[in-house]
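Some notes on the structure that comes next.
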Amino acid sequence: MKDFVSLNIHEDTPYALNKYLSYDTLSPKYQAYVVVFSSTTEPKNYSEAMQDPRWVQAMKEEITALENNNTWQIVQLPKEKSTIGCKWIYKIKYKANEEIKRFKARLVAKGYSKKEGINYQETFSPVVKIVTVRTVSLAASKKCHIHQMDVYNAFL
């Protein structure tokens with residue numbers, strides 16, 4: 001925390017942030033918590049993610065999972081249709097003790113680019129499998145307690 005640098009480079013700034021903000025007064029436990037969340041950030045776009053091998057590995061794992069789950073197949077696009085783009089979403093998953101558990105990259109379709117009345121019915125998203133729906137339905141019908149867990153990427 002000693003490496004904090006204020007963006008105010010002029011000494012004559014009357015309300016410079018470094019005059020009012022200090023991490024020294026935080027407890028050691030909270031200082032460790034702040035360091036974890038401020039030292040590693042989620043990329044805002046693909047170009048940023050490609051600079052860090054951890055995010056590159058996360059994207060490779062996502063593509064492998066999508067391929068292993070037979071999420072898509074390559075087909076010819078009909079001439080009167082246009083494609084929907086996709087983008088990467090990046091999230092850092094943390095353990096309960098604030099340690100980084102893993103870097104997660106998710107490839108999502110840009111469904112917002114669809115046009116009403118033209119191609120709404122043709123959007124597919126690999127969000128849930130029918131096995132999951134059946135399991136949750138069965139548990140609900142039997143009044144079982146359901147516990148949420150983060151599944152890395154389930155392979156069949």
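Just one of the numbered conditions (1) at pLDDT below 80; (2) among the small types (Gly, Ala, Ser); (3) within 20 Å of Lys110 (Cβ to Cβ) is not true of Gly85: (1). Taken as a whole, the condition of being open to solvent by 100 Å² or more (accessible area, probe 1.4 Å) and either hydroxyl-bearing (Ser, Thr, Tyr) or under 24 Å from Ala109 (Cβ atoms) (or both) applies to Gln73.
If only residues of segment 103-124 that are part of a loop (DSSP other than H, G, I, E, B) and in contact with a helix residue (DSSP H, G or I) (Cβ under 7 Å, 6 or more places away or on another chain) are counted, the one that is modelled with the highest pLDDT is Lys114. Scan segment 42-54 and tell me whether some residue there is at pLDDT below 85 and either under 29 Å from the mean Cα position of the chain (by Cα) or exposed (fewer than 12 other Cβ atoms within 10 Å of the Cβ) (or both). No, there is no match, as no residue in segment 42-54 is at pLDDT below 85 and either under 29 Å from the mean Cα position of the chain (by Cα) or exposed (fewer than 12 other Cβ atoms within 10 Å of the Cβ) (or both). Residue by residue through segment 55-70, note down the ones that are open to solvent by 80 Å² or more (accessible area, probe 1.4 Å) and modelled with pLDDT of 90 or more. Correct list: Gln57, Lys60.
Within segment 25-41, restricting attention to residues that are in contact (Cβ under 8 Å) with a residue 40 or more places away in the chain and over 14 Å from the mean Cα position of the chain (by Cα), the residue that is nearest to Cys86 (Cα to Cα) is Phe37. Can you pull out every residue in segment 18-30 that is open to solvent by less than 80 Å² (accessible area, probe 1.4 Å) and either closer than 15 Å to Trp88 by Cα or at pLDDT below 80 (or both)? Matches in segment 18-30: Leu21, Ser22, Tyr23.
Within segment 87-108, none of the residues are surrounded by 10 or more Cβ atoms within 10 Å (Cβ to Cβ), β-branched (Val, Ile, Thr) and over 17 Å from the mean Cα position of the chain (by Cα).
The values are calculated or read from the model by the stated rules, or taken from the named source; none is laboratory data. From a predicted model like this one, the values you see are computed outputs, not experimental measurements. Heads up, the Cβs are rebuilt from the backbone with ideal geometry, glycines too, and the neighbour counts pull from every protein chain shown. The area values use the complete protein model at the heavy-atom level, side chains included, leaving out ligands, DNA and RNA. Shrake-Rupley method; radii C 1.70, N 1.55, O 1.52, S 1.80 Å.
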